[in-house]
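The values are calculated or read from the model by the stated rules, or taken from the named source; none is laboratory data. For clarity, every value in this text was computed on a predicted model and none was experimentally measured. Cβ sites come from the backbone with ideal geometry, for glycine too, and all protein chains shown count toward neighbours. Accessible surface areas use protein heavy atoms only, side chains included; no ligands, DNA or RNA. Shrake-Rupley method; radii C 1.70, N 1.55, O 1.52, S 1.80 Å.
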Amino acid sequence: MSEILKKLSEQGVSIWLDDISRERLRTGNLQSLIDNHVVGVTSNPTIFASALSKGDAYEGQLHDLKIRGVDVEEAVRAITTYDIRWAADVLRPVYDASGQVDGRVSIEVDPRLSRDTDKTVAEARALWWLVDRPNLFIKIPATVEGLPAITQAISEGISVNVTLIFSLERYRAVMDAWLTGLEKAKANGLDLSAIESVASFFVSRVDGEIDKRLDKIGTPEALALKGKAAVANARLAFAAFEEVVESSRWQALAAAGARPQRPLWASTGTKNPDYPDTLYVDQLVTSGTVNTMPEKTLQATADHGNITGDTVRSSYEEAWNTMAALKEAGIDYDDVVRFLEEDGLDKFEASWKELLETVSSELKKA
């Protein structure tokens, strides 16, 4: 499994798995993946709901939670933080060997709080305390209300995975929130080198939505642009990242020990069967990034990924030309990213509801 993944890793891409389960942990499967160049894990409520509905790995804990009369909300927190702690411990050697850069595990704040800054901060603090592992990331959605929460969390020394980023404008706001948080952390006397962050820029969903709109437009020019928007958007996000890390503002923080907020390519599983199943891996290779993959995409990449070197830094002009052509074809970029954020939040909340329902059902059966 390892040769192509090794090649990808050697290009400076950190390979993370977008999945976690207690079964994966107790069987040693996660360790096996780590031995084959996987250096981090991301989670979400849908992943946990799926894990809970399969096998018997959670039966003992569910039984104890039921006997104690724990409510569903507390049970969810107990179950998910248990798995996150375990995964963080499995990944701790990677964290230490990478100079505290990789070996990271992400857990998401309750997405129902994504429009409430204060509650998001309180939830981030609670999860940080509950998991109590230095290689943890708290996932905070990049909503308008999430931006000051990101700043506050980072200012307190909490490492953050900023999630649900679609637009270039919002991504720049995320980087500003991160920098402001680091500046406050510095003023608070914190060790900046201990504060890590990634910014999860969603990829495949952009093509999913724009392709629908191109089909509706239906002109030959529009149809020729299908499958090109997501990669172009992500490449321009990396160009924006490069601008920030070249700024004097960042240089001052770096001199004080701060580390860059790495771009993380999320939603990299190809949803359109007409596209190569490693499209959002092969076309987004550049050093200093993370690609978190569903297991299916990870296996496809290991089997037949086409890793040919950097496919981002030399492609900015092509990306701008693609975005200009999309606009000319009738695609309203601002409307697309606005819809995707709202739809993403709806899906996050639906996933959380699914997780609550799954835990409730499993508690009854325990």
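For region 243-253, the count of residues that are open to solvent by less than 20 Å² (accessible area, probe 1.4 Å), among the charged types (D, E, K, R) and more than 21 Å from L190 (Cα to Cα) is zero. Of all residues in region 337-345, none satisfies being among the aromatic types (F, W, Y) and part of a loop (DSSP other than H, G, I, E, B).
Within region 191-218, count every residue that is in contact with a Ser or Thr (Cβ under 7 Å, 6 or more places away or on another chain) and open to solvent by 40 Å² or more (accessible area, probe 1.4 Å). Walk me through it before giving the result.
Our first condition is that a residue be in contact with a Ser or Thr (Cβ under 7 Å, 6 or more places away or on another chain); within region 191-218, this holds for 195-197, 200, 202-205.
So of that shortlist, the ones also open to solvent by 40 Å² or more (accessible area, probe 1.4 Å) come out as 205.
Of the residues in that region, 1 qualify.
All of (1) of a type in the set (D, E, K, R); (2) open to solvent by less than 10 Å² (accessible area, probe 1.4 Å); (3) in a loop (DSSP other than H, G, I, E, B) hold for D83 with one exception: (3).
For (1) crowded, with 16+ Cβ neighbours inside 10 Å; (2) farther than 15 Å from T42 by Cβ, each residue gets a yes or a no:
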residue	(1), (2)
P93	no, yes
D96	no, yes
G99	no, yes
I107	yes, no
P111	yes, no
T117	yes, yes
V121	yes, yes
W128	yes, yes
D132	no, yes
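Picking from residues in region 258-296 that are part of a helix (DSSP H, G or I) and acidic (D, E), the one that is farthest from S248 (Cα to Cα) is E295.
Given the options A255, A237, A300, name the one that is among the aliphatic types (A, V, I, L, M) and touching a residue at least 60 places away in the same chain (Cβ under 8 Å). Step through it out loud before you land on a result.
Working: A255 fails: touching a residue at least 60 places away in the same chain (Cβ under 8 Å); A300 fails: touching a residue at least 60 places away in the same chain (Cβ under 8 Å).
Going through A255, A237, A300 in turn, just one is among the aliphatic types (A, V, I, L, M) and touching a residue at least 60 places away in the same chain (Cβ under 8 Å): A237.
Of the set (1) in a helix (DSSP H, G or I); (2) touching a Gly at 6+ places or on another chain (Cβ under 9 Å), all apply to S32 but (2).
For region 13-60, filtered to residues that are buried (at least 20 other Cβ atoms within 10 Å of the Cβ) and of a type in the set (D, E, K, R), the residue that is farthest from V281 (Cα to Cα) is R22. Within region 10-24, the residues that satisfy the criterion of being touching a residue at least 12 places away in the same chain (Cβ under 8 Å), among the acidic types (D, E) and under 21 Å from D303 (Cα atoms) are D18, D19.
Of E342, E362, which residue is on the phi < 0 side of the Ramachandran plot and open to solvent by 60 Å² or more (accessible area, probe 1.4 Å)? It would help to see each step written out before you state the result.
Working: E362 fails: open to solvent by 60 Å² or more (accessible area, probe 1.4 Å).
It is E342.
Out of all the residues in region 293-329, which are more than 30 Å from V105 (Cβ to Cβ), among the hydrophobic types (A, V, I, L, M, F, W, C) and open to solvent by less than 60 Å² (accessible area, probe 1.4 Å)? Residues satisfying the conditions are A319, M323, A324, A325, L326, A329.
When the residues of region 25-65 are filtered to those that are over 20 Å from D96 (Cβ atoms) and without any contact (Cβ under 8 Å) to a residue 24 or more places away in the chain, the one that is nearest to the chain's Cα centre (by Cα) is N29. In region 166-189, the residues that are under 18 Å from E243 (Cα atoms) and open to solvent by 40 Å² or more (accessible area, probe 1.4 Å) reach residues that are assigned to a helix (DSSP H, G or I) and among the aliphatic types (A, V, I, L, M) with C-beta atoms within less than 6 angstrom, at least six apart or across chains, in these pairs: R172/A240.
Restricting region 219-242 to residues that are open to solvent by 10 Å² or more (accessible area, probe 1.4 Å) and more than 19 Å from D310 (Cβ to Cβ), the residue that is nearest to the chain's Cα centre (by Cα) is G227.
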